[in-house]
Each structure stands twice: as C-alpha cells, then as structure tokens.
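Every read-out reported here was derived from the displayed coordinates using simple, explicitly stated rules and does not represent laboratory data. The structure presented is a predicted model; accordingly, all values stated were derived computationally and were not measured. Cβ sites come from the backbone with ideal geometry, for glycine too, and all protein chains shown count toward neighbours.
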C-alpha cells in the first residue's frame, strides 16, 4: 500500500516552487500524488519578451501558456518515478460540483491578481473581476475539492498556511477552500496530516548573508510570512537528492521562473521581480491542525523523506501562524 499525497495550489508554478522536491521524492518512492490547481495564473507577470503581449492588460491570453508550462513541469517531476507514474492533475473548477450546489455563472476560477498595501501586505485588487478565485463562493469551491478528497482519500494534504505564503489573495483562498473541503469530507474521510508550506527563516537569513546581494532581501529585514524560525517548523522533507529534478521542473516554467544556478551552496532562482531566492531540496511544513488520535498511514521506511510529514497521533502544531498579517 502506498502513501497518498494531495496538493492544493493557487497558480501554475506554486506546486514546484513550494513542493517540487517533495513531489519528486514521493514519486521516486512509489507514492501517489494528486495536484489541484485553482487558477491558470492569468493575472501573473511574464518574464521575457516572447509572451509579454499576453498579460491581462494587453491580449489577456496567458492562460494557455501557463497550462502548457504546468504540464511540462509536472512531466519533469514525474521523471523521478521509476515506473513513469504521473502526477494526477486536476483543475479545481473542472472537478464535479458538490451535491445541491447551484451552477456558477462562469466556467472557470480566474487568477485574482493582487495589490500591495503600505507595509507590504498583499490584498485583493479593488477592481477584482467577479469570476476571480479570491471572491469565489467558498462552499461551492470547497464542495468540488471535498469530492476529490473522498474519492482519493489522501493521507497527507499540502497547501499554504493562512497567510498564503506571502499574502496573495488566491493563496489565502486556496488555504480557506482546503480547510473547508476537509471539514465537508470528514464524515467520509478524515485526512490525518494537513500541512502548510513553510521555510526555515534561519537558513534563509544565513544564505542571504553569505550572498551579500543587493538585489536580495536584507538578511535582517522582514521576510514573507511563510518563513519562520526553525523551532516553529513541524517537519522538513529532506529531498536534496531530487534538487536537480526540481530545478529542471522550474526551468520548464520560463515565463514565471528563472533558474540562476544549480551549484551546491549557490543554487538560486528568481521570479519576475529578479529577487534571488535559494533553490533547495529541503521543504518545510507547518501543521494546520492537530494530528487525529486515530491517524494511520501505510508503513513508510524511516529513510523515506516523506516519513517526516507523518507526525505521531496527537501532535499539535508547534508554531502558530498569524493570519493577521494577510492584507
């Protein structure tokens, strides 16, 4: 019996940035991985000139590019599987509606975009479209995900903390939808382990000091909310052997990510803002709720990187994440 993982992410690229090495390690060990993507990243910025005209303020034709890049990245991650097992991918808006849910007036959940308030807090744009994911009906969206949870019965769900990583409204909504879906599915299937992506702030600050790069975040300044002191991490998946796979998957997302280096100790990537960030195979997690007393998982060898996520029954989150930091 294999371990079943289900990831919920807001946009194409979030799955690889946050959990690429975890997914590769899971597939390499023969585990099953499902990914739910909530939007197609239509409001995202674009790296490079080839697709610059596709942004929402011009042609508004970015969705198919992001769909193709996501498919390419998932194919790279699947290369870690010895038998070619794929990541089972699902668009949230394409999942069947929940029983009794009224039809939506639009076919898709659209990327909401964001604005940055004073102090660096992200928020929903004042002119947000009515089909934007951030303002979707919570129960309608969650009922779709709940149906997949009951069908796939994952042992582990990976998504964001309540801050959405750095406050993007779609990330925050993905967190909210996931928790609501878990509650809706609970009578049929209670997911034992639910984690939000988190990074080790101590390791990041040390990396920033070593680089001394003026384009990087100040090593002693504020960091995105997903970075917390090591003592507040509940688990870290040590998937460094799959770092090269993660880097190759990120390279399959050229309008969104630039891989700057894969050299040990220097591995880094940038997004459209050109701020360097470390590219690592160590991916942290914070529990989003206590582990149920009846939590059970298939036997997983102690040297399997995914074993770190299977905390003992009754384990409670170590570090409280402050949702008040969200715009």
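Data table
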quantity	calculated
Cα gyration tensor category, rounded, prolate or oblate, for the stretch 115-166 with a/c compared to 1.5	oblate
Among (i) 1.04; (ii) 1.21; (iii) 0.94, the entry that matches Cα Rg over 2.2 N^0.38 Å as calculated here	(iii)
Packing-based order for 50-56, 260-266, 232-238, using average beta carbon neighbours within 10 Å, highest first	232-238, 50-56, 260-266
Whole-angstrom gap from the stretch 269-289 to the stretch 63-134, using each part's C-alpha centre	19
Over the stretch 18-129, relative contact order from alpha-carbon pairs under 8 Å, at least 6 apart, %	31
For the stretch 112-183: relative contact order, % (alpha-carbon pairs under 8 angstrom, 6 or more apart)	37
Computed helical MRE - 222 nm, the chain, DSSP H runs ≥ 4 contributing -39500 (n - 2.57), nearest 500	-8000 deg cm²/dmol
Segment residue 135-residue 2, length gained on full extension (0.36 nm per residue, minus Cα span)	44.2 nm
